[in-house]
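A.B. asks: Next up is a structure, given as structure tokens.
The values are calculated or read from the model by the stated rules, or taken from the named source; none is laboratory data. Note that this is a predicted model, so its numbers are computed, not measured. Ideal geometry is used to build each Cβ from the backbone, glycine not excepted, and the neighbour counts take in all protein chains shown.
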Ligand SMILES: [Zn+2]
């Protein structure tokens, strides 16, 4: 760290402490040249998760966009905005395991699994938009496999 008074790089940290409710750290430093004291703040670089689209393009993960696409699938369905918030938050938490990039298909699958528990119509709408099925058979196959998974999960719960 360069001393703001004399420009020397020869300094020491006297004290480090986290700033409450943030991930920042405040450090008291002293310059070994001019002996003056100063304070620095350190915070982690904000990590932006990139979504890999099916055509390999990347775009930053956008919470609002996911929210809007779920809301579209839930039009005139008994799904509250709180529920949509919850789905988005859960998906967001689950994909935070990915360090830099996450395939859009992962986000789609996670969202679908949650919608399946909530509302079948919303699930089917979301699935048809998200997966862009080539034909009805592909769609039915997907639906069956998810349904099977879902039933398995429910049996385990009981
Ligand atoms: Zn100095």
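A.B. asks: Where the second residue is in a helix (DSSP H, G or I) and the first is modelled with pLDDT of 75 or more and lies in the range 117-143, which pairs have Cβ atoms under 6 Å and are six or more apart or on separate chains?
C.D. replies: These pairs meet every condition: 122/73; 122/115; 123/115; 123/116; 125/73; 126/73; 126/115; 127/112.
A.B. asks: Another question about this same structure. Please pick out the residue among 38, 98 that is more than 16 Å from the ligand (Cβ to nearest atom) and surrounded by 12 or more Cβ atoms within 10 Å (Cβ to Cβ).
C.D. replies: 98
This table checks each residue for (1) away from the ligand (no atom under 16 Å from the Cβ); (2) surrounded by 13 or more Cβ atoms within 10 Å (Cβ to Cβ); (3) not assigned by TED's automatic domain parsing to the domain that holds residue 124.
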{"position": "27", "(1), (2), (3)": "no, yes, yes"}
{"position": "55", "(1), (2), (3)": "yes, no, no"}
{"position": "72", "(1), (2), (3)": "yes, no, no"}
{"position": "77", "(1), (2), (3)": "yes, yes, no"}
{"position": "94", "(1), (2), (3)": "yes, yes, no"}
